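Everything below concerns the one structure shown next.
The values are calculated or read from the model by the stated rules, or taken from the named source; none is laboratory data. Computed from a prediction, not measured in an experiment: that's the story for all the values here. Neighbour counts run over all protein chains shown; Cβ positions are idealised from the backbone, glycine included.
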Amino acid sequence: MTLQARLMTAVIGMVAVILGAVGLATGTILTSIMQDNLNTQVSASLGELRYYPTDTAADILSSGRQAAGTLLVFRSQFGGDATGAYVTGSDGVATLTSEQVYELVGELKRGGFDTVSIDGIGEYRVLMTGGTNGEFAVIGLPTSEVTSTLTQIVTTVALVTVGGLLLLGVVLAVIIRRSLRPLRAVAATAERVAAQPLAEGAVTIEERVPASEADERTEIGRVGAALNTLLDHVGTSLDARQRNEERMRTFVADASHELRTPLASIRGYSELSLRDPTLGEDAASALERIQAQSLRMTALVEDLLLLARLEEGQELVHGAVDLSRLVIETVGDAQAAGPDHRWEIDLGEDPVILAGDEARLTQVIANLLANARTHTPAGTLVTVSVVQEGSEAVLRVHDDGPGVDPAVADELFERFSRADRSRARKTGGTGLGLSIVRAIVAAHSGEISVTSRPGDTTFTVRLPARPADPVVRPA
């Protein structure tokens, strides 16, 4: 339940309980008062009776001015059967049957008030009096008027209570909604900020809680003010992070560029020194190690420089690229480099054409194939497929090797990330291959993802495609 619903439920529920208790207490008190009044009326009716010992109940009621509905059962001191009658609404008198009389008299005790129900007549409040010679009189008045009055009162109280609760609900809804409006503004602002990509790149958070909803004089307003302060701090931190990233990217690019010359010099001098016929075996071995490490360092520097330039939007030369042809050529090279693996190509009848940098896209395919070859055992089947799905060219590289360790899956495309832990092979790579793949794909406005489990690993590259030019087939 929402906060508004919980508050309304609690308040309306408590008020309903209070009103119900008040109504119940009022009804009980009114019932007691009206019953006492009816008892008084019954006693007064008994005092107004005038009769002769030989009269029947009907005679007594006919001779007096009793209220409509007055009931009388009478037996004189001279004995005989008890008779009963009641005053009808037309000031007439109707008699009771002997069965009704006997049933009524049998249920009563002398000297006290009782409420009885008589078949065919209704419910009565009665009083029975009598002497020592066997005579008695039962006088009663109907309870219908009391019941009708109480019903009207209860109905009125119920309707007023329900109406009051409905009005209370409307008023509460308006008040709570207006009071919680700052919170809704905070939630809306937080949702808009959460929808922004904040992980990388230049990020500017312009969303703020409106000043009218961030009044620090109120409890809820302080939440909006605190969120605005937090967003200011986060925005400042993101700006600082972006500046640091730009400085680091510039440093890496500059350092990589500057390192190319000394590394080339080291490699050149080591090659020149190795040509000296008088060079000893230990010195030659050391120079060979120096040359190998310089080559490895050169490759690392070139990769870092390429990443820096790709992130700056450089290094791409766009043109029409036949992705199907690139896959065929690159798989041929990979097959020559990894003859102990099995290679398959799955292509459609029509070529998949896209706009991109052919050299860099070739590097993407080559890196993915090298990754599959390096991190899977001999005999692994590597399948490369290219299809066009809507406006996207989709490249998939699948292998049935041991899979990617879940512990490194989230950082697989980060720089210097290695998958050796999951595939248990010493690759000796720089850990920049998949980072370069992701950077090239991102520079082409594409996406790369990986799904992996033992025996089923698939790298999926999605790139914006354009339809192939129509091919005129000979008749």
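Tabulated data for the structure shown
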{"item": "Tally of residues being of a type outside the set (D, E, K, R) and more than 60 Å from the chain's Cα centre (by Cα) across the stretch 258-299", "result": "19"}
{"item": "Set Val387, Val317, Val382, Val321: member being surrounded by fewer than 20 Cβ atoms within 10 Å (Cβ to Cβ) and assigned to a strand (DSSP E or B)", "result": "Val387"}
{"item": "Residue check, Asp346 surrounded by fewer than 19 Cβ atoms within 10 Å (Cβ to Cβ), assigned to a strand (DSSP E or B) and not β-branched (Val, Ile, Thr)", "result": "yes"}
{"item": "Candidates Val157, Val186, Val146, Val203 - the one that is surrounded by 13 or more Cβ atoms within 10 Å (Cβ to Cβ), within 30 Å of Glu411 (Cα to Cα) and not basic (Lys, Arg)", "result": "Val203"}
{"item": "Among the residues listed as Ser43, Ser62, the single one being on the phi < 0 side of the Ramachandran plot, more than 60 Å from the chain's Cα centre (by Cα), in contact (Cβ under 8 Å) with a residue 60 or more places away in the chain and not in a strand (DSSP E or B)", "result": "Ser43"}
{"item": "The listed residue being of a type in the set (Asp, Glu), modelled with pLDDT under 90, in the same structural domain as Ala439 (by TED's automatic domain parsing) and within 43 Å of the chain's Cα centre (by Cα), out of Glu389, Glu358, Glu349", "result": "Glu389"}
{"item": "Test: Thr278 is in a loop (DSSP other than H, G, I, E, B), of a type in the set (Ser, Thr, Tyr) and exposed (fewer than 15 other Cβ atoms within 10 Å of the Cβ)", "result": "yes"}
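To keep it simple, each residue is scored yes or no on (1) modelled with pLDDT under 85; (2) in the same structural domain as Ile139 (by TED's automatic domain parsing); (3) touching a strand residue (DSSP E or B) at 6+ places or on another chain (Cβ under 7 Å); (4) of a type in the set (Val, Ile, Thr).
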| position | (1), (2), (3), (4) |
| --- | --- |
| Val15 | no, yes, no, yes |
| Gly27 | no, yes, no, no |
| Ser45 | yes, yes, yes, no |
| Ala57 | yes, yes, yes, no |
| Leu71 | no, yes, yes, no |
| Ser98 | yes, yes, no, no |
| Val101 | yes, yes, yes, yes |
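Let's see how each residue does on (1) in contact (Cβ under 8 Å) with a residue 60 or more places away in the chain; (2) hydroxyl-bearing (Ser, Thr, Tyr); (3) under 21 Å from Asp36 (Cβ atoms):
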position: Glu107; (1), (2), (3): no, no, no
position: Asp119; (1), (2), (3): no, no, no
position: Glu135; (1), (2), (3): yes, no, no
position: Gly140; (1), (2), (3): yes, no, yes
position: Gly164; (1), (2), (3): yes, no, no
position: Ala173; (1), (2), (3): yes, no, no
position: Pro182; (1), (2), (3): no, no, no
position: Ala185; (1), (2), (3): no, no, no
position: Glu191; (1), (2), (3): no, no, no
